[in-house]
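The structure appears below as structure tokens.
The values are calculated or read from the model by the stated rules, or taken from the named source; none is laboratory data. Quick caveat: nothing in here was measured; it's all calculated off a predicted structure. We place every Cβ from the backbone using ideal geometry, glycine too, and count neighbours over all the protein chains shown. Only protein heavy atoms, including side chains, enter the accessible area calculation; ligands, DNA and RNA are left aside. Shrake-Rupley method; radii C 1.70, N 1.55, O 1.52, S 1.80 Å.
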Amino acid sequence: MCQVEEDYRGEMERAAVPSVSKKCVKCKEAPAALVIRAGDAYCRLCFKDFFTHKFKAVLGKNRIIFPGEKVLLAVSGGPSSCSMLRQVQEGLSQKANKKLRFVPGIAFIDEGAAIGQSVEERQRTVAELQAVFEATGFPFFILPLEQVLDLPASVVATNPAPSEQPAGAYKAAVDRFVETDGSSFPTPQEPKETLLPHVQQSHTLMLQQLLGSVKTLTAREELLNTLRQHLLVHTARTEGYRKLMLGDSCTRLAVKLLTSISLGRGAQLAQDTGFSDSRYGDVILVRPMRDYSAKEVAYYNHLFTVPCVVVPGVDTKTVEKASIQRLTESFVTKLQTDFPSTVSTIYRTSEKLQTACRKRSGGDGCERCLLCVCSLDTAVETSFTFLLLCIVSSAEASTVDSSLWVLTAEVSVLHLCYRLPETTRLQSLLCYSCALTVRDMVSGDVFDPFMHEL
């Protein structure tokens, strides 16, 4: 038994602290410049080879992007998307060991109106990013978020996907591309005079009214993400791009996975966090940065001076409990500090997920949500009951008239953005999570100018 007066200090041994190797674990010669994980110390050159190989390997493994295909890179100015841009730029250079074989373009969405920035502030941000884009020589598009108000209703429709390629189609496409010497790569562009496309002041005010009508930051971020994705897909369609490349890292996807579950998007996890997302049919979303942690991206950008532009968002300078997204991000990053395998364990769960869709009655394909374009996860009767209960609980009065007024106001928001026909039934168009987002929209005077359109 333990005795009070006994001294155990001589018998207890202090836990050994793992030592960091001073040599690179790959070449065994050069001194280590960074440590990704315990025991994974790399020198500068070996880390670059490791980072580059991972990017090309994930594209080669999935074989979704065919040689000569046009790919639109969604660059926000953040570390992950700028790192993705650098990987594509170096992969297409003449000195690349294994060259990439697609034709890239760049798209940037200016969201200054969503956070109340002035025109001068938005012009400065666009000018910084334009200098980065021009250095790559790729064609690029500067898209003000206000353009989402002019999108056609077809943006939320799933266009027919190209017919499935046979087993040897990818290899045959590579052989044809090699024979032609890959002569279809873009040439450097001349600097453009206009930095930010002209935006009508009425569109800016209308967008600010739409986002300001959302009561919670959680719903505002979800709505903003949906509008952003619709604008990117529409740009890809109109410009002839078959693939849309996103810069989500595995850290970001791990946060998104837990956030989606909290927001009732469990049925859409496979599409929201997987490597490829074919919800739009003719335009496939690809996430080649999903195998990189935020730490790896930060090290790469620092060591190889990848230019990034700090662009504030709607959640900038907010407390961690301001939204579900911010709270989940804080939880995951803090847990990752003490348990380094947290992020990889969470995000790799998405690789095991699949999405089942409910077939349309009397037709082919799946019933899809109007906002997120994912397959509906609720029956019409169930979603209508849920939405009606939410609207009744959010109304100031408990009368039927006020509930119907709120429902009409929320339909007007969707009608404003996507010009829905008058006969559209809201309950048959939204999934569970998007119904929650619409529920958080305030019923107020902001909708009065649009009420007569319904």
Inset, instruction - Could you run through the stretch 88-131 and say how many residues are out of contact with any strand residue (DSSP E or B) (no Cβ under 9 Å at 6 or more places or on another chain) and in a helix (DSSP H, G or I)? - result: 12
Legend entry - Test: residue in the stretch 240-251 that is in a helix (DSSP H, G or I) and either touching a residue at least 60 places away in the same chain (Cβ under 8 Å) or under 24 Å from E329 (Cα atoms) (or both): yes
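Of the residues that sit in the stretch 91-114 and are in contact (Cβ under 8 Å) with a residue 12 or more places away in the chain and surrounded by fewer than 17 Cβ atoms within 10 Å (Cβ to Cβ), which one is farthest from F140 (Cα to Cα)? Explain how you work it out, then say what you get.
First pass over the stretch 91-114, keeping only residues in contact (Cβ under 8 Å) with a residue 12 or more places away in the chain: 91-92, 98-114.
Going one step further and asking which of them are surrounded by fewer than 17 Cβ atoms within 10 Å (Cβ to Cβ), we end up with 98-99.
Working: K98: 24, K99: 21 Å.
Among them, the one singled out is K98.
Kindly provide the set of residues from the stretch 115-126 that are open to solvent by 30 Å² or more (accessible area, probe 1.4 Å) and either under 23 Å from the mean Cα position of the chain (by Cα) or without any contact (Cβ under 8 Å) to a residue 40 or more places away in the chain (or both), ordered by number. Working first, answer last.
The first filter runs over the stretch 115-126 and keeps only residues open to solvent by 30 Å² or more (accessible area, probe 1.4 Å), leaving 115-121, 123-124.
I115, G116, Q117, S118, E120, E121, R124 - these are the residues of the stretch 115-126 that are open to solvent by 30 Å² or more (accessible area, probe 1.4 Å) and either under 23 Å from the mean Cα position of the chain (by Cα) or without any contact (Cβ under 8 Å) to a residue 40 or more places away in the chain (or both).
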Inset, instruction - Among the numbered conditions (1) open to solvent by 40 Å² or more (accessible area, probe 1.4 Å); (2) under 23 Å from V126 (Cβ atoms); (3) of a type outside the set (D, E), tell me where L244 comes up short. - result: (1)
Inset, instruction - State yes or no: is L72 under 14 Å from L246 (Cβ atoms) and open to solvent by less than 30 Å² (accessible area, probe 1.4 Å)? - result: yes
Inset, instruction - Taking S276 as meeting all but one of (1) small (G, A, S); (2) within 15 Å of the chain's Cα centre (by Cα); (3) over 28 Å from F51 (Cα atoms), write down the number of the exception. - result: (3)
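Residues are listed down the side, and each one gets a yes or a no for (1) closer than 29 Å to F133 by Cβ; (2) among the aliphatic types (A, V, I, L, M); (3) in contact with a helix residue (DSSP H, G or I) (Cβ under 9 Å, 6 or more places away or on another chain):
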{"residue": "Q201", "(1), (2), (3)": "yes, no, no"}
{"residue": "L207", "(1), (2), (3)": "yes, yes, yes"}
{"residue": "G212", "(1), (2), (3)": "no, no, yes"}
{"residue": "L217", "(1), (2), (3)": "no, yes, yes"}
{"residue": "E221", "(1), (2), (3)": "yes, no, yes"}
{"residue": "T226", "(1), (2), (3)": "yes, no, yes"}
{"residue": "V233", "(1), (2), (3)": "yes, yes, yes"}
Legend entry - Number of positions in the stretch 248-272 that are modelled with pLDDT of 90 or more and either in contact with a strand residue (DSSP E or B) (Cβ under 8 Å, 6 or more places away or on another chain) or hydroxyl-bearing (S, T, Y) (or both): 5
Inset, instruction - For residues that are open to solvent by 10 Å² or more (accessible area, probe 1.4 Å), among the aliphatic types (A, V, I, L, M) and in a helix (DSSP H, G or I), tally how many sit in the stretch 270-310. - result: 4
